[in-house]
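Following: one structure in C-alpha cells, then a few remarks.
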C-alpha cells in the first residue's frame, strides 16, 4: 500500500478542482444564455409568456437543487435518453442558474425608470430594440455585482453533482478519504480550495456593489 | 420513447415518505431555531461585541459562506470523529445546519442592526439601559422585523440544503426518496413526488415564518 503524503492529497484535490471550475463555468455561461431568454420571456408583452417564465423561475427556485439533479440524472434515462453524470450535472446546473439569473436581472431591468421605456417607445423602437439599445445596457451596470455574487452559489452548487457520481472536488475528497482515512485533513483542504475559489468572487461582488453605490450617490 | 407514469407503485411507501417528511421538518425546526439564535449572537458580536471577537466571527461567517454545505457536513460528520468528537448522523446534520444558517443569519441580522438609527442606541443609554439591554429591547426586535422576509428565504434555502443530509444517511425526505427509488426503480415518480413535497414544505415554512413574525412584531400590525 502506498502512503499518501499531505502534498499528494492536496495535489489530487487540486486536479479534481479543475472539474469544479469547468462545471461552474459551463453552468454559469449556459445559465447566462438561458437566463437571458427566460428574462426576455419574463418581461415580454405577452401575458402567457410572462406567466410561463414566472412558473419556470418559481419551480427552480422553489425546489432543492439536489432533486433537480436526481430528476435529470435518474429520470431522463427512463425516457430513453442516456445521460452521463457530466451531462446531467451541466444541464441541471445550467437550468437552475438560469432561473436565478433571470430573477436577479429582472430586478435590475425593473429598476430602470419607466421614462426610458416611454422615450425609446416614442422613438418607434420595437421591444427587442428597446431592450438591446436602451434598457439592457443600463441594467447591465446594476446587474454586475449581484451576478458575480451569485456565481459563488454556482461554484458551491457544483458540490452536489458529486452525489450523482460526477468526479469533481467533493467527490475526489470522498474518494481520497476512503483511501487515506484522513477525513479531517482531506475535507479541510477541500473546504480551503472551495474558499479560495469563492472568496475572491464574494469579495469582488462586495467591492463592485460599494463602487456602484458611490457612483450612484454622485448623480 | 413514451414513458408511462405509474404513481400507484408508490402507494406502499407512504409511511416511508411520511417518516422522511417528519425528519426533514425536525431538521429545519431544530436547526433553524438554534441557527437563528447563533446568528443573533454573532450579529451582536460583529456589530457591538468586544474588539477581539469581531475578527473571529468574521472569519467564521466568511468561511461558511464561501464553502459548500456538503463539505461542511462531511467535515463535521467524517472529519470531527478523527479529531475525537463523535456525533450521530442526526446530531451531525443538525450541527451542520446550525453552523451554516448561523453564518448566513448573522450577515442578514447584522444588516438589520446597521440600519438601526444611532439615536436608538443613545436613547437606550439615556434610559440607563446597559448596552446588552439596549440591544435586547431596543435594537434587536426592530432589526429582526426589518430583515424577517430575508431570514425566511434563508430558512427555505437551508431546508433545501437539508436534502444533502441524506448523504450521511439521515433518514429525511431525500433519503426516503432514494430508498424507494432503489426498491421500485420508479425514479421519475419518486423524485417528482419528493420535489412537490419540498415545494409544499417551502410554502408551509414561509407561512410559519410569517405567523412567527406576526407574533414577534405585533406593533407593526397595530400600526397598519
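The values are calculated or read from the model by the stated rules, or taken from the named source; none is laboratory data. Values in this document were obtained by computation on a predicted structure and should not be read as measured data. Don't worry about glycine lacking a Cβ; one is built from the backbone with ideal geometry, like all the others, and counts go over all protein chains shown.
Applying the criterion of being more than 7 Å from every other protein chain (Cβ to nearest Cβ) and in a loop (DSSP other than H, G, I, E, B) to the residues of segment A:57-82, the residue that is surrounded by the most Cβ atoms within 10 Å (Cβ to Cβ) is A:81. Just for segment B:1-24: of the residues that are away from chain A (no Cβ under 14 Å) and surrounded by 15 or more Cβ atoms within 10 Å (Cβ to Cβ), which one is farthest from the chain's Cα centre (by Cα)? Among residues in segment B:1-24 that are away from chain A (no Cβ under 14 Å) and surrounded by 15 or more Cβ atoms within 10 Å (Cβ to Cβ), the one farthest from the chain's Cα centre (by Cα) is B:10.
Return the only residue of A:86, A:48 being at pLDDT below 95, more than 30 Å from residue B:154 (Cβ to Cβ) and away from chain B (no Cβ under 12 Å). Show your work before the answer.
Working: A:48 fails: at pLDDT below 95.
So the residue among A:86, A:48 that is at pLDDT below 95, more than 30 Å from residue B:154 (Cβ to Cβ) and away from chain B (no Cβ under 12 Å) is A:86.
Is there a residue in segment A:88-103 that is surrounded by fewer than 18 Cβ atoms within 10 Å (Cβ to Cβ) and closer than 25 Å to residue B:206 by Cα? No, there is no match, as no residue in segment A:88-103 is surrounded by fewer than 18 Cβ atoms within 10 Å (Cβ to Cβ) and closer than 25 Å to residue B:206 by Cα.
All conditions but one from (1) touching a helix residue (DSSP H, G or I) at 6+ places or on another chain (Cβ under 7 Å); (2) within 11 Å of chain A (Cβ to nearest Cβ) apply to residue B:168; the one that does not is (2).
Checked against (1) in a helix (DSSP H, G or I); (2) in contact with a helix residue (DSSP H, G or I) (Cβ under 7 Å, 6 or more places away or on another chain); (3) more than 9 Å from chain B (Cβ to nearest Cβ); (4) surrounded by 17 or more Cβ atoms within 10 Å (Cβ to Cβ), residue A:209 meets all criteria but (4).
Evaluate the following for residue B:163: is it within 13 Å of another protein chain (Cβ to nearest Cβ), in a helix (DSSP H, G or I), within 13 Å of the chain's Cα centre (by Cα) and farther than 26 Å from residue B:49 by Cβ?
Details: within 13 Å of another protein chain (Cβ to nearest Cβ): yes; in a helix (DSSP H, G or I): yes; within 13 Å of the chain's Cα centre (by Cα): yes; farther than 26 Å from residue B:49 by Cβ: yes.
Criteria met by residue B:163.
Pick out the one residue from A:119, A:54 that is more than 14 Å from every other protein chain (Cβ to nearest Cβ), within 30 Å of residue B:24 (Cα to Cα) and touching a helix residue (DSSP H, G or I) at 6+ places or on another chain (Cβ under 9 Å). Show your work before the answer.
On the way: A:119 fails: within 30 Å of residue B:24 (Cα to Cα).
Testing whether each residue is more than 14 Å from every other protein chain (Cβ to nearest Cβ), within 30 Å of residue B:24 (Cα to Cα) and touching a helix residue (DSSP H, G or I) at 6+ places or on another chain (Cβ under 9 Å) leaves just A:54.
The set of residues in segment B:63-90 that are more than 9 Å from chain A (Cβ to nearest Cβ) and in contact (Cβ under 8 Å) with a residue 60 or more places away in the chain comprises B:73, B:89, B:90.
Scanning segment B:166-196 for residues that are crowded, with 24+ Cβ neighbours inside 10 Å and not in a helix (DSSP H, G or I) yields B:170, B:172. Screening B:131, B:117, B:142 for residues that are buried (at least 17 other Cβ atoms within 10 Å of the Cβ), more than 14 Å from chain A (Cβ to nearest Cβ), more than 15 Å from the chain's Cα centre (by Cα) and more than 21 Å from residue A:205 (Cβ to Cβ) leaves exactly one candidate, B:142.
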